[in-house]
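Written out below as structure tokens is the structure these notes cover.
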Amino acid sequence: MPTFLHLADVHLGFTKYDSPERTKDFFYALQDAIAKYALEPQVDFVLIAGDLFEQRQVMPATLNQAQLCLTPLKEAGIPVLAIEGNHDYRPYGTQTSWLRYLSSWGVLKLLEPNEHEELEPWSEEHRSGSYIDLPCDVRVIGSRWYGAAAPQAIQKLAAAIPQLPAGPDFTVMMFHHGLEGQIARYSGALRYQDFLPLKEAGVDYLALGHIHRNYSLENWIFNPGSIEANSVAENQAQNPRGVYLVELSAEGVKAELKQDYEQRSILRLSLEANPNQTAAELEQMAIALVKQAASQDNTEGAIVELRLHGSIGFDRSDLDIRALRTVLHELSQALIFLLKYDVSGREFQSYINEDELPSRLEIERTVFTDFLTANVNYRDSAEALVQGLLDLKIRVLNEQPEDELYGFIETLLAQTQSSTKGGFFQ
């Protein structure tokens, strides 16, 4: 019976919080997960369903981390099959990526359709191809990051799969996209019906990535979640994640979520203020709460977040947040200490430090949302159109032909049923 390890969203080179130790966490997590759940049980192959890297432009140290993790698999004769996600998709204006480099170097096989979205067999000579038939009686098919064009891509891929030569008994496919309903307020996810043509085409196991929490559906769609938390919100208690150790048999799919590998501990604390407290009293309560957590060995070396919320009866400036955070960081001995001052009565929101500033993508999403919701013609479809605009930006930067861009826009408008009369896209 064939066995394999399915992982996704590794994000090597992660740099949030400006902590070199935190950046190494993603390397250690991948290295340990591979050792425990691929090398030790000697699986037949390993899948990386997108976002091996955090950035399209990879630093030498990050590339070295990838090679250190993947080379033992090569030496053990365990093939690594990968696809590109939205984070490690080839840089704008280029025809290559670091995943393609690793593929040419021989530490993994990058499976992707050709430029016409056709499926071609893997060629060892050219180190390229769309699918591979493995000796363990499994055919693995790759794809790429499609963004808003994913539903159309699925239809085309599903039509191509039955036309392939007869092959192994089991078919596994990798796809980097989210499933609707798994993350609140996440726009752009696909419906189950969008994925269904792949099942009808004969895919036995659909290996997803992109959403950083674990989920599965109907013993067919599987997403392990990110291998390490990208933010405090991705802690295991609220957003379970890990890697899947999978066994295929005539009885079906047996997929076990594995989480017992090296990961940074995350602790989220909460303290409610009330209008009867002074700033000094609230400060002392925060100190007492962190001391208690530290005494239980929950904070040393961890990422700790304390959220102060509720109503206050004093001026916000009466509580020196910077000084308090310094004190709490020292008491906790945490690797990273985050203090959120989320109380009512403030006149505006300020960011305590640069680590909390929104990313460029978040800023772009906010700007597009504000622009669209201000237009009565697009207000009801703003959420879907925002994701479309983000994808359109990437297509423009990739210098796609004008007819393809207009076709993409027409499809987007048709899907959202927005009125184009006198509208934004004209």
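Observations on the model:
- Residue check, S123 assigned by TED's automatic domain parsing to the domain that holds V253, out of contact with any Phe, Trp or Tyr (no Cβ under 8 Å at 6 or more places or on another chain) and among the hydroxyl-bearing types (S, T, Y): yes
- Positions within region 319-341 being over 27 Å from the mean Cα position of the chain (by Cα) and free of Cβ contacts under 8 Å to residues at least 40 places away in the same chain, in sequence order: D320, I321, R322, A323, R325, T326, H329, E330, Q333, Y341
- Every pair of residues 6+ apart whose Cβ atoms lie under 6 Å, when the first sits in region 250-262 and is assigned by TED's automatic domain parsing to the domain that holds P224 and among the β-branched types (V, I, T) while the second is assigned to a strand (DSSP E or B) and buried (at least 16 other Cβ atoms within 10 Å of the Cβ): V253/Y205
- No other residue among T299, T326 is assigned to a loop (DSSP other than H, G, I, E, B) and over 30 Å from V172 (Cα atoms) apart from T299.
- Top-ranked residue in region 331-386 [being out of contact with any Leu (no Cβ under 8 Å at 6 or more places or on another chain), in a helix (DSSP H, G or I) and surrounded by fewer than 12 Cβ atoms within 10 Å (Cβ to Cβ); ranked as modelled with the highest pLDDT]: I363
- Within region 34-79, tally of residues that are in contact with a Lys or Arg (Cβ under 7 Å, 6 or more places away or on another chain) and part of a helix (DSSP H, G or I): 1
- Taking the criterion of being touching a residue at least 40 places away in the same chain (Cβ under 8 Å) and more than 19 Å from the chain's Cα centre (by Cα), the residues of region 70-85 that qualify are I78, P79.
- Of residues in region 302-318 being more than 27 Å from the chain's Cα centre (by Cα) and not in a helix (DSSP H, G or I), the one surrounded by the fewest Cβ atoms within 10 Å (Cβ to Cβ): D315
- Just one of the listed residues (P121, P72, P135, P113) is surrounded by fewer than 20 Cβ atoms within 10 Å (Cβ to Cβ) and farther than 22 Å from E40 by Cα, and it is P121.
- In this structure, A82 qualifies as buried (at least 24 other Cβ atoms within 10 Å of the Cβ) and either at pLDDT 95 or above or part of a helix (DSSP H, G or I) (or both).
- Summed over region 136-157, residues that are under 17 Å from D391 (Cα atoms) and without any contact (Cβ under 8 Å) to a residue 40 or more places away in the chain total 2.
- Candidates Y89, Y101: the one that is outside any loop (DSSP other than H, G, I, E, B) and among the aromatic types (F, W, Y) is Y101.
The values are calculated or read from the model by the stated rules, or taken from the named source; none is laboratory data. Only a predicted model underlies this, so the values are computations on that prediction, with no experimental measurement involved. Reconstructed Cβ throughout: ideal geometry from the backbone, glycine too, with neighbour counts over all protein chains shown.
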